[in-house]
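Undergrad: Please find one structure pasted underneath; my questions will follow.
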């Protein structure tokens, strides 16, 4: 049954967003009873449209697989927004509260004072990144790196 697998996922996502069953049902334009029965896996028949509405609101995406191995991900716009918000929250939790800047020399994490020096430093790093990318293409046998100007 569809509700056996989707029920626990729907309930977990709804609780994580602090939504009540009634609020979720209202947003999806379905009955609160449908939401409750679906979460408890007591609803043997639920339309795919209703299930997708509910899952989209709580930000859950689905992967549909065909017998021949092809697959498609069904993801709504709210799922993308919620994923971004979750990543941002994770970054805030793990941030140590210190910015570190790249500069020419020394252990001081402050950037160079003048804009010209910062631009030169960025250009140098960009040139190094270009050379590294070219070297990895050569190792992979893709193409020869172009000569860089000094």
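The values are calculated or read from the model by the stated rules, or taken from the named source; none is laboratory data. This one's a predicted model, so the numbers in the text were calculated from it and none came from an experiment. Cβ: placed from backbone, ideal geometry, glycine included. Neighbour counts: every protein chain shown.
Conditions (1) without any contact (Cβ under 8 Å) to a residue 40 or more places away in the chain; (2) farther than 20 Å from residue 62 by Cα; (3) surrounded by 12 or more Cβ atoms within 10 Å (Cβ to Cβ), marked per residue:
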| site | (1), (2), (3) |
| --- | --- |
| 18 | yes, yes, no |
| 21 | yes, yes, yes |
| 28 | yes, no, yes |
| 41 | no, no, yes |
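Undergrad: Of all the residues that make up the stretch 1-23, how many are under 18 Å from residue 76 (Cα atoms) and more than 23 Å from the chain's Cα centre (by Cα)?
TA: 0
Undergrad: Return yes or no: is residue 80 modelled with pLDDT of 85 or more, assigned by TED's automatic domain parsing to the domain that holds residue 26 and not in a strand (DSSP E or B)?
TA: The answer is no for residue 80.
Undergrad: Take the conditions surrounded by fewer than 16 Cβ atoms within 10 Å (Cβ to Cβ), within 15 Å of the chain's Cα centre (by Cα) and outside the structural domain of residue 118 (by TED's automatic domain parsing) and apply them to residue 87. Does it pass?
TA: So residue 87 passes the test.
Undergrad: A further question on this structure: Just to be sure before I move on: is residue 35 closer than 23 Å to residue 73 by Cβ, surrounded by 14 or more Cβ atoms within 10 Å (Cβ to Cβ) and either in contact (Cβ under 8 Å) with a residue 24 or more places away in the chain or more than 28 Å from the chain's Cα centre (by Cα) (or both) in the structure I sent?
TA: Numbers: closer than 23 Å to residue 73 by Cβ: no; surrounded by 14 or more Cβ atoms within 10 Å (Cβ to Cβ): yes; either in contact (Cβ under 8 Å) with a residue 24 or more places away in the chain or more than 28 Å from the chain's Cα centre (by Cα) (or both): yes.
So residue 35 does not fit the description; no.
Undergrad: Can I ask one more? Quick one: count up the residues across the stretch 61-77 that are loosely packed, with under 12 Cβ neighbours inside 10 Å and outside any helix (DSSP H, G or I).
TA: Looking only at that region, the number is 11.
Undergrad: Report yes if some residue within the stretch 106-123 is modelled with pLDDT of 80 or more, closer than 30 Å to residue 52 by Cα and part of a helix (DSSP H, G or I); otherwise report no.
TA: No.
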